[in-house]
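These notes concern the structure reproduced below.
The values are calculated or read from the model by the stated rules, or taken from the named source; none is laboratory data. This one's a predicted model, so the numbers in the text were calculated from it and none came from an experiment. Calculation scope for accessible area: heavy atoms of the full protein, side chains included, ligands and nucleic acids excluded. Shrake-Rupley method; radii C 1.70, N 1.55, O 1.52, S 1.80 Å.
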Amino acid sequence: FSGGADSAALLQALYELGDKLPAPLEAVHFDHGLQAGSAGWAGHCEAFCRDRGLPFRVVQLEIPTDQPGGPEDTARNARYRAVEALLGDGELYLTAHHAEDQAETLLLNLMRGSGIEGLAGIPVLRELGRGWVARPLLDVHREDLVRFLRQRQVEWLNDPSNQDSRFDRNFLRNEVIPLLEQRWPGVVERLARSAALAGDAASM
């Protein structure tokens with residue numbers, strides 16, 4: 001639970017499901033320590049969960065600065081190593097990746113010359129350690145998640161680094177995909193469909 005719009009929408013939806021969930025719910029916030037305001041973000045997330053009576057924990061990550069692949073990949077790898085350490089037998093770690101994330105991932109993998117598994121993008125479900133990682137929002141657009149929060153007057157955090165187009169994913173999100181949508185409306189859905197078809201092919 002980063003406190004951003006995507007994860008806030010997912011956690012709010014899970015909270016509203018309440019007793020319908022088949023397992024107990026806990027929120028975890030990973031503090032990457034890469035930005036000066038990260039401690040305040042953890043405080044926001046803790047207050048969000050306290051107001052809803054949700055169990056909450058903070059995990060401090062140490063991000064090496066000399067790794068190949070850049071800070072995005074390094075931070076993500078560190079986070080998933082921490083997730084793997086947290087997961088018990090059969091436990092599920094939910095992320096708030098959405099349709100735009102899937103489109104960005106497919107384009108990034110195309111730029112890297114990936115094979116069929118890379119073109120499958122973000123999987124809906126995959127094993128990790130003793131548990132699983134699941135992405136229930138891959139078919140949902142970010143604007144729908146924001147609308148969901150605004151309808152409930154739920155506040156969220158905005159990470160200023162998301163506007164820095166020096167990072168590859170931000171460049172796609174802020175500049176490339178909006179341009180593609182102007183030229184080919186609905187391109188995000190079509191990219192997601194292509195990723196799903198590639199996933200089927202990779203599975204076979």
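Observations
- For the chain, the share of accessible area belonging to carbon and sulfur comes to 51 percent (1.4 Å probe, ligands and nucleic acids excluded).
- For the chain, the calculated P(r) over all alpha carbon pairs, in 5 Å bins from 0 to the bin holding the longest distance, is 1, 7, 13, 18, 21, 19, 13, 7, 2, 0 percent.
- In this view, the solvent-accessible surface of GLU84, computed with a 1.4 Å probe and all protein chains in place, comes to about 90 Å².
- Histogram of C-alpha separations across region 105-198, 10 Å bin width, %: 13, 35, 40, 11, 1
- Whether region 122-174 is rounded, prolate or oblate, judged on the alpha carbon gyration tensor where a/c under 1.5 counts as rounded: oblate
- Hydrodynamic radius (Kirkwood) for region 1-61, which is based on Cα pairs only, to one decimal in Å: 12.0
- Shape descriptor for region 66-142: Rg over Rh equals 0.99 (Cα atoms; Rh from the Kirkwood inverse mean 1/r).
- Compared with the dominant Cα axis of the chain, that is its longest principal axis, helix 70-86 is turned about 50°.
- In Å², nearest 10: area of ARG79 left accessible to a 1.4 Å probe: 60
- Computed on protein heavy atoms with a 1.4 Å probe, the accessible areas place TYR93, TYR15 in the order TYR15, TYR93, largest first.
- Accessible area per residue for region 76-141 is 51 Å², calculated with a 1.4 Å probe on protein heavy atoms, without ligands, DNA or RNA.
- Tensor-based shape of region 69-113 (alpha-carbon gyration tensor, a/c under 1.5 rounded, otherwise prolate or oblate): oblate
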